[in-house]
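Asker: Input: one structure, supplied below.
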Amino acid sequence: MSETAVAEKPVKSTPKLDMDRTSAPKAKESQLSMMAEGHACARVQFWLDPKVDIKEALNPEFWSSVAYKFMRPISTEGTYAGSIIEVRYPDMSMYAELFVRVVQKSSLVVSLIGKPHYFGPREVVSQGFEVRWNVGKQGYDIVRKSDREIAADGAKIKTREEAQAWIDKMTGA
């Protein structure tokens, strides 16, 4: 080989990955309480994560992980279509009812009955603090934005109203 002929290494091109890696929220079995009251229908309680909007629960795939519970144990008896799902936030700031129209193996077709009822403020307003629902304590942790430290414990602050009042007191608002 001559000095001028240098072997060039093939250059690997990096693939462009434009994938949307976000996923839609799904119902969790631990958030569903179902007891059949009648022969054909049930009244079901469902605890919706406060970060999830009720509109997400109208998506049939939202119910994919719990849809099987709306199938009867003996397949000849049909399903629990016609049931009512009572949807609540754990902080009791929202209540809505969904009518189960169709039960499929991996989805539920539901319709909202009326409008959701909201109690208290829909969000907490603050420049220096962030409010975060703490599932274990069933309350709101108030986190200082500057250092990400918990300034108030969720064991004592159960509603958004209490969180807003605490922030207003601390900031002099």
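Asker: Return a whole-number percent for the relative contact order of the range 129-171, with Cα pairs under 8 Å and 6 or more residues apart as the contact set. Don't skip to the end; give the middle numbers.
Answerer: Details: 65 pairs, mean separation 13.7, N = 43.
Dividing the mean separation by the residue count of the range 129-171 yields 32 percent.
Asker: So, one more: Please order K145, K105 by the number of other Cβ within 10 Å, starting at the fewest.
Answerer: K105, K145
Asker: In terms of Cα to Cα distance under 19 Å, which lysines are near enough to K158, apart from those fewer than 8 places away along the same chain?
Answerer: Cross-link targets: K51, K137, K169.
Asker: Only four residue types carry charge here, +1 at the Cβ of Lys and Arg and -1 at the Cβ of Asp and Glu. Report the dipole size of the range 29-118 about the Cα centre in Debye, rounded to the nearest 20. Show your work: numbers first, answer last.
Answerer: Numbers: 9 positive and 10 negative charges, 36 e Å.
For this selection, approximately 180 debye.
Asker: Can you put I150, I84 in order of Cβ neighbours within 10 angstrom, beginning with the fewest? Intermediate values should be presented prior to the final figure.
Answerer: Values: I150 12, I84 16.
By the 10 Å Cβ count, ascending, the order reads I150, I84.
Asker: Further question on the same structure: In the chain, if the dipole is taken from +1 on Lys/Arg beta carbons and -1 on Asp/Glu beta carbons about the Cα centre, which of A173, V109, V131 is farthest to the positive end?
Answerer: V109
Asker: How would the range 73-151 be classified by its alpha-carbon gyration tensor: rounded, prolate or oblate, with rounded meaning a/c under 1.5 and the a/b versus b/c comparison settling the rest? Please list the in-between numbers first.
Answerer: Numbers: a/c = 3.91, a/b = 2.49, b/c = 1.57.
Verdict is prolate for the range 73-151.
Asker: Ok, one more. Can you list the lysines whose alpha carbon is less than 17 Å from that of K105, not counting same-chain residues fewer than 8 positions off?
Answerer: Within the straight-line limit of under 17 Å, K105 reaches these lysines: K26, K28, K69.
Asker: Kirkwood hydrodynamic radius, the chain, all distinct C-alpha pairs: what's the number in Å? Could the numbers behind the result be given before it?
Answerer: Details: mean 1/r = 0.0510 Å⁻¹.
The answer is 19.6 Å.
Asker: Test of understanding: ordering M71, M92 by Cβ neighbours within 10 Å, fewest first, what list do you get? Walk me through the intermediate numbers first.
Answerer: Details: M71 15, M92 11.
Result, fewest neighbours first: M92, M71.
Asker: Further question: Determine the calculated [θ] at 222 nm for the chain from helices alone, applying -39500 (n - 2.57) to every DSSP H run no shorter than 4 residues and normalising by the residue count; nearest 500 deg cm²/dmol. Kindly include the intermediate steps, with their values, before the conclusion.
Answerer: Numbers: 1 runs with 12 residues, N = 173.
Value at 222 nm, helices only, nearest 500: -2000 deg cm²/dmol.
Asker: Report the charge-dipole magnitude of the chain in Debye, nearest 20, computed about the Cα centre from +1 at each Lys and Arg Cβ and -1 at each Asp and Glu Cβ.
Answerer: Numbers: 25 positive and 23 negative charges, 44 e Å.
Here the chain has a charge dipole of around 200 debye.
Asker: Taking springs between alpha-carbon atoms closer than 10 angstrom, which of R144, R43, R160 fluctuates most in the Gaussian network model of the chain?
Answerer: Maximum among the listed residues: R144.
Asker: What number comes out for the charge environment of L112, summing +1 per Lys or Arg and -1 per Asp or Glu over other residues with Cβ under 15 Å away? Before the final figure, lay out the partial values.
Answerer: Working: positive: K55, R88, R101, K115; negative: D53, E56, E86, E97.
Neighbour charge sum, excluding L112 itself: 0.
Coordinate-derived values only; no laboratory data. Just so it is clear, the structure is predicted and the values come from calculations on it, not from any experiment. Ideal geometry is used to build each Cβ from the backbone, glycine not excepted, and the neighbour counts take in all protein chains shown.
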